[in-house]
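Read through the structure below, which is laid out as structure tokens, and then see the notes.
Any read-out appearing in this document is the output of simple, stated calculations on the displayed coordinates, not a laboratory observation. Just so you know, these numbers come straight off a predicted model, no measurement behind them. Here Cβ is always computed from backbone atoms with ideal geometry, including for glycine, and neighbour counts include all displayed protein chains.
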Amino acid sequence: MADDPSKDKKPFDPTEPWRGMRDAYLDTWAKSMVEMVNTDAYAQATGAMLDSYLAVSAPFREALEKAMLKTLEQLAMPSRADVVSIAERMTNIEMRLDDLDAKLDAIQKAIASIGAATRSTPTRAPARKAPQRAAKVAHASPKKRGKK
């Protein structure tokens with residue numbers, strides 16, 4: 001049995017030339033768009049368009065924000081500003097707790113090092129002191145209480 005030479009070739013595809021033209025067109029288009037986008041004129045035009053869009057949409061955005069705040073207030077729900085405020089407070093509390101934890105760790109290490117230092121030095125029996133005599137204290141006699 002001999003090898004069939006038609007198996008080595010790709011089957012005929014009538015759309016292959018169209019695909020080749022499409023790929024060449026897209027590559028050319030992509031290169032020209034990259035060149036156009038990287039110019040100063042394009043950046044200035046885009047900036048002007050965005051500025052005008054923001055200027056026109058600002059009053060609508062502010063009106064929408066006010067309406068949303070009133071709606072949330074009537075529904076007894078927190079606004080975005082309320083949630084951000086709480087998040088900032090929680091972050092502050094977390095930072096303070098971390099600082100306290102670090103300080104407590106430092107205190108614990110200091111206590112441990114002091115304890116290790118006292119255990120490493122030999123202990124001596126305390127010297128005995130002579131007994132002290134109690135000083136005489138004059139006590140005033142209590143006053144008698146009676147009926148007046």
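In region 34-128, what trypsin sites (Lys or Arg not before Pro) fall in a loop by DSSP, with at most 15 other Cβ atoms inside 10 Å?
Working: sites: Arg61, Lys66, Lys70, Arg80, Arg89, Arg96, Lys103, Lys109, Arg119, Arg124, Arg128; in loops: Arg124, Arg128.
In loop regions of region 34-128 (DSSP not H, G, I, E or B), the sparsely surrounded trypsin sites (Lys or Arg not before Pro) are Arg124, Arg128.
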Per residue, the convex hull volume that the Cα atoms of region 17-76 enclose (Å³):
149
³J(HN,Hα) computed for each position of region 50-55 - Karplus, 6.51 cos²θ - 1.76 cosθ + 1.60, integer Hz, glycine/proline x:
5, 4, 5, 4, 5, 5
